[in-house]
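Enquirer: The structure follows.
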Amino acid sequence: MTTGFFSHPDCLLHEMGEWHPECPARLQAIEDQLIASRIDTLIERDDSAPLADEAALLRVHTQAHIDFLRNLSPKEGYAAIDPDTSMNPHTWQAALRAAGAALAATDAVIAGRYENAFCSIRPPGHHAEPARAMGFCFFNNVAIAARHALQVHGLERVAIIDFDVHHGNGTEAAFAGDPSVLMCSFFQHPFYPYSGTEHPMPNMVNVPIAARTRGMEVREAIDLLWLPRLEAFRPEMLFVSAGFDAHREDDLGNMGLVEDDFAWITEQVRAVAQRHAKGRIVSCLEGGYNLSALGRSVVAHLRALADI
């Protein structure tokens, strides 16, 4: 079976100003590296992501949050949510399309069309809390997809892996205390959004990492702290918040990972999925703002997912 690659042109239309690092060029950099690495023909593209419907959003987000974003959506210019997060006239549709891609990938992987899938989407999602948009994020794509797997497809246990340099506070808020979800993450600490270290619930495996930490130390932490919990949990499907801003070339973080580290992490996740989850993984793009490092890291991630 192949690896699916989900994206949609609408994801290029959301932008928050020429100065903003979370920009459409991120997806274009990934496309360029797919071509340069010659793996674009070895994965199966799917650009037909639907718009996520309100029922899917409500499995994670409040009605008030959905209504707030819908009503805030501007007809022109920008509508600010916080100093780093704003909507342009296309943001609402792009956010629905990003969540829709994660849902479509989940359906396709569970149906057996692909063994696993990567969603090259934006805006990202893991900072979006059930009732709050923040940190470049509007709807929590991975959380919406995980809830879909549980409530629509009837899975009993799913795991969420988050290797973004920032803590996935929104995902933790959505699932803290939920025994059907195990979330494993590492994140630079202390660092935005300054969460994840105060009395996490038992289903949260949060690993704060100091700035300038390199790959071997992160790999050791994953070996010791993530993998035993994942083995004991035996997830039926795995979801990945794939942020690549822990790369040593990324100015929005201060960690020291390189492409081989992201490949190694992905290989560990894939091995868990093969043992317990029929290989089922859906990975969604989160951070990663140095365009060259982002493109190279996504290629490494895809090579490991597709075992090529």
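Enquirer: Quick one: which residue in 157, 132, 113 is over 17 Å from the mean Cα position of the chain (by Cα) and closer than 23 Å to residue 27 by Cβ?
Expert: Going through 157, 132, 113 in turn, the sole match is 113.
Enquirer: Looking at (1) within 26 Å of residue 3 (Cα to Cα); (2) without any contact (Cβ under 8 Å) to a residue 40 or more places away in the chain; (3) surrounded by 15 or more Cβ atoms within 10 Å (Cβ to Cβ), find the lone condition where residue 43 falls short.
Expert: Among (1) within 26 Å of residue 3 (Cα to Cα); (2) without any contact (Cβ under 8 Å) to a residue 40 or more places away in the chain; (3) surrounded by 15 or more Cβ atoms within 10 Å (Cβ to Cβ), residue 43 violates only (2).
Enquirer: Ok, one more. Any idea which of 291, 305, 252 is buried (at least 24 other Cβ atoms within 10 Å of the Cβ), at pLDDT 95 or above and of a type in the set (A, V, I, L, M, F, W, C)?
Expert: Only one candidate passes the filter, namely 305.
Enquirer: Considering only residues that are farther than 24 Å from residue 248 by Cβ and either exposed (fewer than 15 other Cβ atoms within 10 Å of the Cβ) or touching a Pro at 6+ places or on another chain (Cβ under 8 Å) (or both), which ones fall in segment 188-228?
Expert: 198, 199, 201, 202, 203, 228
Enquirer: Determine which member of the set 18, 44, 31, 22 is closer than 30 Å to residue 236 by Cβ, among the acidic types (Asp, Glu) and either under 19 Å from the mean Cα position of the chain (by Cα) or at pLDDT 95 or above (or both).
Expert: Selected residue: 44, the only one of 18, 44, 31, 22 that is closer than 30 Å to residue 236 by Cβ, among the acidic types (Asp, Glu) and either under 19 Å from the mean Cα position of the chain (by Cα) or at pLDDT 95 or above (or both).
Enquirer: OK, next. If I ask for residues that are part of a loop (DSSP other than H, G, I, E, B), free of Cβ contacts under 8 Å to residues at least 60 places away in the same chain and charged (D, E, K, R), which ones from segment 212-250 would you list?
Expert: 212, 248, 249
Enquirer: Next up: Please specify each residue of segment 47-57 satisfying the condition of being at pLDDT 95 or above and under 19 Å from the mean Cα position of the chain (by Cα).
Expert: Listed by number, the residues that qualify are 50, 51, 52, 56, 57.
Enquirer: Could you list, in sequence order, the residues of segment 138-154 that are among the aliphatic types (A, V, I, L, M) and either within 15 Å of residue 283 (Cβ to Cβ) or surrounded by 24 or more Cβ atoms within 10 Å (Cβ to Cβ) (or both)?
Expert: Passing the criteria: 142, 143, 144, 145, 146, 149.
Enquirer: Return the pairs, sorted by first residue and then second, in which the second residue is buried (at least 19 other Cβ atoms within 10 Å of the Cβ), the first residue lies in segment 261-279 and is of a type in the set (D, E, K, R), the beta carbons are less than 6 Å apart, and the residues are 6+ apart or on different chains.
Expert: That search, which allows pairs on different chains as well, returns 261/215; 267/304.
Enquirer: Condition first: surrounded by 15 or more Cβ atoms within 10 Å (Cβ to Cβ) and either free of Cβ contacts under 8 Å to residues at least 40 places away in the same chain or farther than 24 Å from residue 151 by Cα (or both). Now tell me which residues in segment 55-67 satisfy that.
Expert: Listed by number, the residues that qualify are 58, 66.
Enquirer: Which of the residues spanning segment 259-282 are in contact with a helix residue (DSSP H, G or I) (Cβ under 7 Å, 6 or more places away or on another chain) and either at pLDDT below 95 or not in a helix (DSSP H, G or I) (or both)?
Expert: Selection gives 279, 280, 281, 282.
Enquirer: Could you pull out the residue among 298, 240 that is modelled with pLDDT of 95 or more, surrounded by 23 or more Cβ atoms within 10 Å (Cβ to Cβ), closer than 21 Å to residue 8 by Cα and touching an Asp or Glu at 6+ places or on another chain (Cβ under 8 Å)?
Expert: Residue meeting the stated conditions: 240.
Enquirer: Inside segment 21-39, can you point out the residues that are farther than 17 Å from residue 259 by Cβ, outside any helix (DSSP H, G or I) and in contact (Cβ under 8 Å) with a residue 24 or more places away in the chain?
Expert: 21, 22, 24
Enquirer: Anything in segment 258-284 that is aliphatic (A, V, I, L, M), over 23 Å from residue 155 (Cα atoms) and buried (at least 24 other Cβ atoms within 10 Å of the Cβ)? List them, or say none.
Expert: Within segment 258-284, 265 is the sole residue that qualifies.
The values are calculated or read from the model by the stated rules, or taken from the named source; none is laboratory data. Only a predicted model underlies this, so the values are computations on that prediction, with no experimental measurement involved. Using ideal geometry, Cβ is built from the backbone for each residue, glycine included, and neighbour counts are taken over all protein chains shown.
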